[in-house]
Amino acid sequence: MASSNSDLTQPLSPTTTLSSARLRPRITRSHLFVLFLLTTTSILALPVLTIASFIFEPASDVWHHLASTVLSDYVINSLLLLIGVAVGTLTMGITSAWLTAMYQFPGRRIVEWALLLPLAMPAYIIAYTYTGLLDFAGPLQTALREGFNWQYGDYWFPEVRSLIGAICMLSFVLYPYVYLLARASFLEQSVVTMDAARSLGAGPWKRFFRVALPMARPAIVAGTSLALMETLADYGTVQYFGISTFTTGIFRTWFGLGDQGAAAQLAAMLLGFVLLLILVERYSRRQAQYHQQSTGDSSHQRQPLSKLSGVIASILCTTPIILGFLIPFGLLTQWAMGETMDASFFSLVWNSLSLAFSAALLALTLAIILGYGQRLMPTRAVKTGVRVATLGYAVPGTVIAVGIVIPLAWIDNRIDQWATDMFDHSTGLIFSGSLFILLFAYLVRFLAVALGSVESGLQTIKPSMDDSARSLGFSPFQVLRKIHLPIIRPSLFTAVLLVFVDVLKELPATLILRPFNFNTLAVRAYELASDEQLASAAPAAITIVLTGLIPVILLSRSINRPNAGSSS
Amino acid sequence: MKPAKLVMGALVSALLLNSASLWAAPEVNLYSARKEALIKPLLDKFTEKTGVKVNLVTGKADALLTRLKSEGKNTPADVFLTSDAGRLHRAEEANVLQAIQSKELNASVPASYRDPEGYWYGLSLRARPILYVKNKVSPETLSTYEALATPEFKGKICIRSSSNIYNQSLVASMIAVDGEADTETWANGLVGNMARPPKGGDRDQIKAAAAGQCVIAVANTYYFGKMLAGGDAAQKTAAEKLAVFWPNQKGRGTHVNISGAGVTAHAKNKDNAIKLIEFLASNDAQSWYAQVNYEYPVREGVKPSNVLAQWGSFKADNLNLSRLGDLNSKAVMVMDRAGWK
């Protein structure tokens, strides 16, 4: 045991069990693999690096202006938002994941997948609906005023469009990240471990806090950091609520003040936040490694709850669904009444679906390559490369889009120049304005989502298992295909689902990078909503949610089979 | 060898695709910062009339401008359309537009709403007047934007965030006449008079005024028009509690901004591009803006819709619109310093 643990810090070098005669070609191959990993990550990091390179533009008066007026607001509000969303998503996500994974209570089978529904709800849409409902001019407060004959200032009512409001909105739609990853991890945890804890006299709370929670920590941290990165990248909600954060600041500085350099400096500070998040996460995880001893040899039994506890569990698990899905969906449906959908709607649905599906599969493939690559070659260069490649998740879509347009159009123009010189024929723009560039943008934005899921899955597999398989003559690829992938299947499904839904909702990058005459549901919903035509936006918003439902239901079925595939 | 083959394959197919466009149907490619719902119906009419197909990408003005700039001479875009004069000015300065000569456009678009050299042409006009709650404010107490900062309006004003281009260009227009220092003093006063921290869009300000949170709102006319004439009963009831006041009528006039378009510097379909802009300035299209979108036509002699007509005519600020682009960043800084969120 001790020796295999010390191997953790060493690369799982393919040479350990092989004779020196075969050493040379193997090393070359692993070098090539490292080179491949680094090239892939560099390409993915290109947009973020492009933006970061603007930092070297000379610091302008605008920067001093920002520093002396609004910068402290940006920092404080962004921090408060992060803390609030962390608390909100952790509370809702872990509670519901633990209850549905471990206990049997009324309605469990339904809430299990229904808890994922808010995922399909774009944050800005939920912000619009809650404002419509709870705002001073909304139906609820109007009814109160009319019922009690109150005037403005006569009564207190929580203000939706506030920092607290933004924290709630974002938590309502982002907690599923924590729920999904934590739940997958709870289910992947071996039953034997729990039984052992129980037989040692640990009560349910102790089992949760001392055994399950620490074991699920990589997954929970991954889920939370996804939620927090998405929070940092959010523009629609904070902008509508009038909260000055880094994102609104970047837009203001870039487009209002017209200062690309100062905007990039803000973006760099934002990336600083993300790096800090990642470092804290890495550091906290470094101290301990948790792997399961065995997988899936015993069926997962849920413990039945007493009547009262069962009701409490049901309520705890239904509340997030009501807040994050039923209320906003109900309002949208009400708004959509009387709106018409034309035939172009089908092409919107098709565009959204096909893009989301292709992007999800591509992201999964890349995540597996990078995640497993990191496991095989945990060198500093590879690890850093992978981290940088996933930074795009925390950068607002518009900024990413600009970071993509600039280098790719440059490459396009180079190719065109070359073709003109060589063949006397212009190629025009090959990448720009194609679906390729759109898929690339989605990978840059959402690879972090897929990778977080795949990594947390891989981490539950003991490295000694790799070693044993390798000593039995499996190639690294066979280890991946025959051992890892079947074990972490729930995590793979999670990765596909998350990217799929994220792409379905993605807006700013799609808006700018798409080809001519190409629309998606999110584009349609946003264009109308941002023009303050909420009712007209409702059908598209509802369709995003409904379209998102299909994979949510399909995939949640697969997740429901704990340790699926381990017997194959 | 394989990657090389792939590259060649990609190049060959790119060549084929490219040459295919040589004998394709006539078309024109449009980058539009106007949202699809606000432009597509007109484009369809253009295609119906001329047989020229319009390919459309919509997006945020500055992002489209970046795309246009980086695509350089290979850009597919023939026409760049935005909903703000400042952005047209920025595009002109970035050398992505070209000057065109069109007798028809010079005749239909008044000189104050187009670039003197023909880099861009205004197509529709929006005004940003003061709206007041009818039974709570007497219009005699209102006069200018400047007066909104006086203490008598303490806690009475609803206006949206300074991140919004409409407020940025309003403040820019004030800096142009009042100077930066006076405008900052004004902005400080206005922030002190706000009934609540700025949030939401223009419609939200109107709704808040109707519900009693404030008595004065600053908003674009077309939002007000859409609330009055749209299908939503609650919005209609709210809007009916307010009326339009045209500020600064004794002085420079009410602040206006335009949506407009220009032909790109490297347009491949230049003739069709000009045709499209000419169509958008034609009588037909101009009355569509008025009837459907409650904007004011730029072209003289086009009848405004009934909703617009009931607010009466007004004197519009005749400031050269490219100044709005020049002063935009100063405006943002002034609002930052004044604490206008």
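The values are calculated or read from the model by the stated rules, or taken from the named source; none is laboratory data. Values in this document were obtained by computation on a predicted structure and should not be read as measured data. When we count neighbours, we look across all protein chains shown, and the Cβ atoms used for this are built from the backbone with ideal geometry, even at glycine.
Among the conditions (1) farther than 29 Å from B:Tyr145 by Cβ; (2) touching a Lys or Arg at 6+ places or on another chain (Cβ under 7 Å), the only one that B:Gln249 does not satisfy is (1). For segment B:255-262, the condition of being touching a residue at least 40 places away in the same chain (Cβ under 8 Å), surrounded by fewer than 20 Cβ atoms within 10 Å (Cβ to Cβ) and more than 10 Å from every other protein chain (Cβ to nearest Cβ) holds for none of the residues.
Residues being buried (at least 20 other Cβ atoms within 10 Å of the Cβ), of a type in the set (A, V, I, L, M) and part of a helix (DSSP H, G or I): count how many of those fall in segment B:177-204. Number satisfying all stated conditions: 2. Residues that are crowded, with 20+ Cβ neighbours inside 10 Å, within 14 Å of chain A (Cβ to nearest Cβ) and either free of Cβ contacts under 8 Å to residues at least 12 places away in the same chain or not in a helix (DSSP H, G or I) (or both) are absent from segment B:273-288 altogether. Only a single criterion out of (1) more than 14 Å from chain B (Cβ to nearest Cβ); (2) buried (at least 20 other Cβ atoms within 10 Å of the Cβ); (3) modelled with pLDDT of 90 or more; (4) over 18 Å from the mean Cα position of the chain (by Cα) is not satisfied by A:Val85, namely (4). Pick from segment B:46-71 the residues that are of a type in the set (Gly, Ala, Ser) and more than 23 Å from A:Ile411 (Cα to Cα): which of them is nearest to the other protein chains (Cβ to nearest Cβ)? Result: B:Ala61. Among the residues of segment A:36-84, those that are in a loop (DSSP other than H, G, I, E, B) and closer than 25 Å to B:Trp340 by Cα comprise A:Ala59, A:Ser60, A:Val70.
Checking each residue in segment A:152-202 for being over 20 Å from A:Thr131 (Cα atoms) and among the polar types (S, T, N, Q) picks out A:Ser185, A:Gln189, A:Ser190, A:Thr193, A:Ser199.
The rows are residues; the columns are (1) of a type outside the set (Gly, Ala, Ser); (2) within 13 Å of chain B (Cβ to nearest Cβ); (3) in contact with a helix residue (DSSP H, G or I) (Cβ under 7 Å, 6 or more places away or on another chain).
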{"position": "A:Ile512", "(1), (2), (3)": "yes, yes, yes"}
{"position": "A:Asn517", "(1), (2), (3)": "yes, yes, no"}
{"position": "A:Ala525", "(1), (2), (3)": "no, yes, yes"}
{"position": "A:Ala529", "(1), (2), (3)": "no, yes, yes"}
{"position": "A:Val545", "(1), (2), (3)": "yes, no, yes"}
{"position": "A:Gly548", "(1), (2), (3)": "no, no, yes"}
{"position": "A:Ile553", "(1), (2), (3)": "yes, no, yes"}
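When every residue of segment B:47-69 is checked against the conditions, at least one turns out to be at pLDDT below 85 and of a type in the set (S, T, N, Q). Among the residues making up segment A:484-507, those that are surrounded by 24 or more Cβ atoms within 10 Å (Cβ to Cβ) and not in a helix (DSSP H, G or I) are A:Ile488, A:Glu506. Please verify whether A:Leu439 is in contact with a Ser or Thr (Cβ under 8 Å, 6 or more places away or on another chain), in contact (Cβ under 8 Å) with a residue 40 or more places away in the chain and hydrophobic (A, V, I, L, M, F, W, C), treating the condition exactly as stated. Answer is yes for this residue. Among the residues here, A:Ser426 qualifies as without any contact (Cβ under 8 Å) to a residue 12 or more places away in the chain and either under 26 Å from A:Val280 (Cβ atoms) or surrounded by fewer than 24 Cβ atoms within 10 Å (Cβ to Cβ) (or both). Selection within segment A:242-258: residues that are aromatic (Phe, Trp, Tyr) and buried (at least 24 other Cβ atoms within 10 Å of the Cβ). The member of this set that is modelled with the highest pLDDT is A:Phe246. Just for segment B:121-141: of the residues that are buried (at least 19 other Cβ atoms within 10 Å of the Cβ) and more than 16 Å from B:Trp311 (Cα to Cα), which one is farthest from the chain's Cα centre (by Cα)? Residue satisfying both the conditions and the ranking: B:Val137. Considering segment B:72-103, the residues that are β-branched (Val, Ile, Thr) and either more than 13 Å from every other protein chain (Cβ to nearest Cβ) or in a loop (DSSP other than H, G, I, E, B) (or both) include one that is surrounded by the fewest Cβ atoms within 10 Å (Cβ to Cβ), namely B:Ile100. Does segment B:170-188 contain any residue that is in contact (Cβ under 8 Å) with a residue 12 or more places away in the chain and in contact with a strand residue (DSSP E or B) (Cβ under 7 Å, 6 or more places away or on another chain)? Looking for residues that are in contact (Cβ under 8 Å) with a residue 12 or more places away in the chain and in contact with a strand residue (DSSP E or B) (Cβ under 7 Å, 6 or more places away or on another chain), one finds none in segment B:170-188, hence no.
Taking the criterion of being closer than 24 Å to A:Leu71 by Cα and charged (D, E, K, R), the residues of segment A:217-257 that qualify are A:Glu230, A:Asp234, A:Arg252.
For the residues B:Ala172, B:Ala239, the requirement of being within 24 Å of A:Glu527 (Cβ to Cβ) and either more than 12 Å from every other protein chain (Cβ to nearest Cβ) or not charged (D, E, K, R) (or both) singles out B:Ala239.
Among (1) modelled with pLDDT of 95 or more; (2) touching a helix residue (DSSP H, G or I) at 6+ places or on another chain (Cβ under 6 Å); (3) in the same structural domain as B:Gln168 (by TED's automatic domain parsing), where does B:Ala261 come up short? Every listed condition holds for B:Ala261 apart from (3).
The C-beta contact set for segment A:125-139 (first residue within 12 Å of chain B (Cβ to nearest Cβ), second residue outside any helix (DSSP H, G or I) and polar (S, T, N, Q), distance under 7 angstrom, 6+ apart or interchain) comprises A:Phe136/B:Gln213.
Among the conditions (1) at pLDDT 90 or above; (2) buried (at least 17 other Cβ atoms within 10 Å of the Cβ); (3) farther than 30 Å from B:Ala25 by Cα, the only one that B:Leu324 does not satisfy is (1). Take segment A:185-205 and flag every residue that is assigned to a helix (DSSP H, G or I) and under 30 Å from the mean Cα position of the chain (by Cα). Of everything in segment A:185-205, those that are assigned to a helix (DSSP H, G or I) and under 30 Å from the mean Cα position of the chain (by Cα) turn out to be A:Ser185, A:Phe186, A:Leu187, A:Glu188, A:Val191, A:Thr193, A:Met194, A:Trp205.
Kindly indicate the residue of segment A:241-260 that is aliphatic (A, V, I, L, M) and in a loop (DSSP other than H, G, I, E, B) and also nearest to the other protein chains (Cβ to nearest Cβ) among those meeting that condition.
Step by step, filter segment A:241-260, then rank; the result is A:Leu257.
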